[in-house]
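Undergrad: Handing you this structure, nothing more for now.
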Amino acid sequence: MIEGIRMNLLNLKSQTGDYSKIVKNLNYDLPIHYMFSNTQFEITKKYIQEFELTLDTEHAVGVMLTNFGQTILMEVTEITYEKSVVLVFKGKVNGQESTLIQHINQLNFLLTSVPIKKENPRRKIGFMVSEE
């Protein structure tokens, strides 16, 4: 049954170019919809906002990225997503503006606190929902 569903999805994707529209119309409880960037975006948003609530006024959320064979600290200012499998993180790495484009299958980071610099007031991460 699963193989038949998979083949139907592949056929429909080749016609529409977008899995997310297909899954909305399915009556199956498939885990595939958890693999879309908008779902991962909402999950990531929830955990970051919960973590922000635990911080004092002198700290902001930092993200430790571990995908590059080393650990990199990113001070994230904005997170968005692109259809249907990419999350985009914007912020600063070593004081330089940076953008990380991450496939949702490779999401792996540690939320941590970073001291707020006196010249930069504390601000929450902006979660930008892409237009559908």
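The values are calculated or read from the model by the stated rules, or taken from the named source; none is laboratory data. Remember, predicted model here, so these are calculated numbers, not experimental data. Neighbour counts are summed over all protein chains in view; Cβ atoms, including those assigned to glycine, are modelled from backbone coordinates with ideal geometry.
Undergrad: If residue 129 satisfies all but one of (1) among the aliphatic types (A, V, I, L, M); (2) part of a loop (DSSP other than H, G, I, E, B); (3) modelled with pLDDT of 85 or more, what's the number of the condition it fails?
TA: Here residue 129 clears every test but (3).
Undergrad: Which condition breaks for residue 92 when tested against (1) over 22 Å from residue 36 (Cα atoms); (2) not in a strand (DSSP E or B)?
TA: Exception for residue 92: condition (2).
Undergrad: Across the range 79-99, what is the total count of residues that are touching a Lys or Arg at 6+ places or on another chain (Cβ under 8 Å) and of a type in the set (A, V, I, L, M)?
TA: Matching residues across the range 79-99 total 1.
Undergrad: Residue 73 - would you say it is under 14 Å from residue 124 (Cα atoms), part of a strand (DSSP E or B) and touching a Gly at 6+ places or on another chain (Cβ under 8 Å)?
TA: On the way: under 14 Å from residue 124 (Cα atoms): no; part of a strand (DSSP E or B): yes; touching a Gly at 6+ places or on another chain (Cβ under 8 Å): yes.
No; evaluated as a whole, the condition is false for this residue.
Undergrad: Any residue in the range 90-110 that's outside the structural domain of residue 74 (by TED's automatic domain parsing): show its pairings with residues that are surrounded by 10 or more Cβ atoms within 10 Å (Cβ to Cβ) at Cβ separation under 9 Å, as long as the two are six or more apart or on different chains.
TA: If the second residue must be surrounded by 10 or more Cβ atoms within 10 Å (Cβ to Cβ), no pairs are left.
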